[in-house]
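*Asks:* What follows is a single structure, and I will ask about it in a moment.
We did not get these values from a lab; they are worked out from the coordinates using the rules stated. Since we're looking at a predicted model, the values are computed, not measured. Every residue, glycine among them, receives a Cβ derived from its backbone with ideal geometry; neighbour counts consider all protein chains shown.
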Amino acid sequence: MYQIKTINKISPSGLTRFAPGEFQYGDEIENPDAFIVRSASLHEVELPASLKAIARAGAGVNNIPVDKCSEEGIVVFNTPGANANGVKELLIAALILSSRNVLDAVAWAKTLKGQGADVPKLVEKGKKQFVGPEIAGKKLGVIGLGAIGVKVANAAHALGMEVYGYDPYLSVEAAWGISQGIHHAASLNVIYEQCDYITIHVPLTPETRGTFNAESIAAMKKGVRLFNLARGELAVPADIVEALKSGQVASYVVDFPCDELLDVPGVIPIPHLGASTPESEDNCAAMAADELIALLKTGAIRNS
Ligand code: MLT
């Protein structure tokens, strides 16, 4: 009987994967063979000697002490692509909402409450301040061409954007090959110089931390719009604030807001909603459970 400790509640389609009598799961398990975890941090959690594997029901593994696990022979894996659609949809919404200044415009429209019959007139007069460009025909740089980046590239292409793709780990040819929607396999410099919108979809590593910083932002087109639905630490908050003040960056959408950015004009702070859809949570739970069962039963790991 395999014992699996669920650190966060996992969705029904994950739980239905476990065969009765063969697997026992729950948050009370004492000597687990494996953990399933969503977003909770395991950095301060004592890893039991019985532990063989940790399944991360999601993409990023920065909530897991991966180096320590490697030293102790604990397999860590994630669920690549399982929540990519949720993130892609939010990114496409963010591209349009930020470009058209919709959130500021809605907040302003609400201030007209109480103006009675004058509301239509006030709307026509005041709306001009919010007018923003369409995204079709504009250049989008996609940094990171994994499951999410490729979906974003294809969806943006379908909306008429000219897409430039770059990946720190894939060759230009491979990046080109994995998405028919990517018009241009590009270097980072080309993306910085040419793109009107830049979105980042890479894991947080020592190499990627602070990718959006004063130096990279200075190399970008003036008025660029930045999107970070991956990890907050991929940008340097103080540099984003400066760039918004100077107009070098027109807006910054971030799905992991920090205190410093919450009330900064031009920042759209989303409370980590990218993969928070019932469908994505279900897909992640199902993939994590399937992979874990395969690993415990056969020793084979398909995701690493
Ligand atoms: C991910 O890493 O999969 C997303 O950020 C969502 C999450 O943390 O669960």
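*Asks:* Against the longest alpha carbon principal axis of the chain, how many degrees, from 0 to 90 and to the nearest 10, is the axis of helix 237-246 turned?
*Replies:* 10 degrees
*Asks:* Turning to a different aspect of this structure: Please determine, in degrees from 0 to 90 and to the nearest 10, the orientation of helix 147-158 with respect to the longest principal axis defined by the Cα atoms of the chain, where the helix direction is its Cα long axis.
*Replies:* Approximately 30 degrees, to the nearest 10.
*Asks:* Write down the Å³ per residue value for the convex hull defined by the alpha carbon atoms of the stretch 84-269.
*Replies:* Given the Cα convex hull of the stretch 84-269, per-residue volume reads 119 Å³.
*Asks:* Hey, another quick one. Pull out the extension gain between Ser276 and Thr16, defined as 0.36 nm times the separation in residues minus the alpha carbon to alpha carbon distance; nm, one decimal. Can you show the working numbers first?
*Replies:* Values: separation 260, 0.36 × 260 = 93.60 nm, distance 2.03 nm.
Answer, rounded to one decimal: 91.6 nm.
*Asks:* Calculate one ³J(HN,Hα) per residue across the stretch 67-72 by plugging θ = phi - 60° into the Karplus curve 6.51 cos²θ - 1.76 cosθ + 1.60, and present them in order as whole Hz with x for glycine and proline.
*Replies:* 5, 4, 4, 4, 4, 8
*Asks:* Moving to a separate point now. Taking the Cα centre as origin and putting +1 on Lys and Arg beta-carbons and -1 on Asp and Glu beta-carbons, what dipole magnitude results for the chain, to the nearest 20 debye?
*Replies:* On the way: 26 positive and 34 negative charges, 240 e Å.
With Lys and Arg at +1 and Asp and Glu at -1, about 1160 debye.
*Asks:* Shifting gears a bit: Taking other Cβ within 10 Å of each residue's Cβ, how do Ser70, Ser39 sort, fewest first? Working shown, then result.
*Replies:* Details: Ser70 11, Ser39 14.
Least to most surrounded, the residues fall as Ser70, Ser39.
*Asks:* Still on this model: Find the relative contact order for the stretch 206-298 and round it to a whole percent, using C-alpha pairs within less than 8 Å whose residues are 6+ positions apart. Write out the running numbers ahead of the final one.
*Replies:* Numbers: 116 pairs, mean separation 21.4, N = 93.
Reported as a whole number, the value is 23 percent.
*Asks:* Let me ask something else. Below 8 Å between Cα atoms, with a sequence gap of 6+, how large is the relative contact order for the chain in percent? Intermediate results must be reported in sequence, preceding the final value.
*Replies:* On the way: 583 pairs, mean separation 57.2, N = 304.
Normalised by residue count, the contact order of the chain is 19 percent.
*Asks:* Let me ask something else. Starting from the amide H of Ala185, placed 1.01 Å from N in the peptide plane, find each other amide H under 5 Å away whose residue is 5 or more places distant or on another chain.
*Replies:* The list, which skips near neighbours in sequence, is Gly165.
*Asks:* Net charge near Val61, counting Lys/Arg +1 and Asp/Glu -1 over other residues with Cβ under 13 Å of its Cβ? Spell out each step's value before the answer.
*Replies:* Numbers: positive: Arg38, Arg56, Lys68, Arg231; negative: Asp67.
Taking every other residue near Val61 into account, the sum is +3.
*Asks:* Across the stretch 113-129, in residue order, what do the Karplus-derived ³J(HN,Hα) couplings come to in whole Hz, using 6.51 cos²θ - 1.76 cosθ + 1.60 with θ = phi - 60° and x for Gly and Pro?
*Replies:* Rounded to whole hertz, the list is 3, x, 8, x, 5, 7, 3, x, 5, 5, 4, 4, 6, x, 5, 4, 5.
*Asks:* Something else now. Amide H of Ile268 versus every other amide H placed in the peptide plane: which residues, excluding those fewer than 5 positions away on the same chain, fall under 5 Å?
*Replies:* Tyr252, Val253, Val254
*Asks:* Go ahead and set up a Gaussian network model of the chain, Cα springs under 10 Å, then flag whichever of Leu51, Leu261, Leu112 fluctuates most.
*Replies:* With Cα springs under 10 Å in the chain, the top fluctuation among Leu51, Leu261, Leu112 is at Leu112.
*Asks:* Could I ask something else about it? Per-residue ellipticity at 222 nm for the chain, helices alone: DSSP H runs ≥ 4 residues times -39500 (n - 2.57), over residue total, nearest 500 deg cm²/dmol?
*Replies:* On the way: 11 runs with 105 residues, N = 304.
The per-residue figure over the chain is -10000 deg cm²/dmol.
*Asks:* Can you sort His184, His43 so the residue with the fewest Cβ neighbours within 10 Å comes first?
*Replies:* Numbers: His184 17, His43 10.
Ordered from fewest to most neighbouring Cβ atoms within 10 Å, His184, His43 come out as His43, His184.
*Asks:* Can you run phi through the Karplus equation (6.51, -1.76, 1.60; θ = phi - 60°) for the stretch 279-284 and list ³J(HN,Hα) in whole Hz, with x for Gly and Pro?
*Replies:* For the stretch 279-284, the Karplus curve yields 5, 5, 5, 5, 4, 5 Hz.
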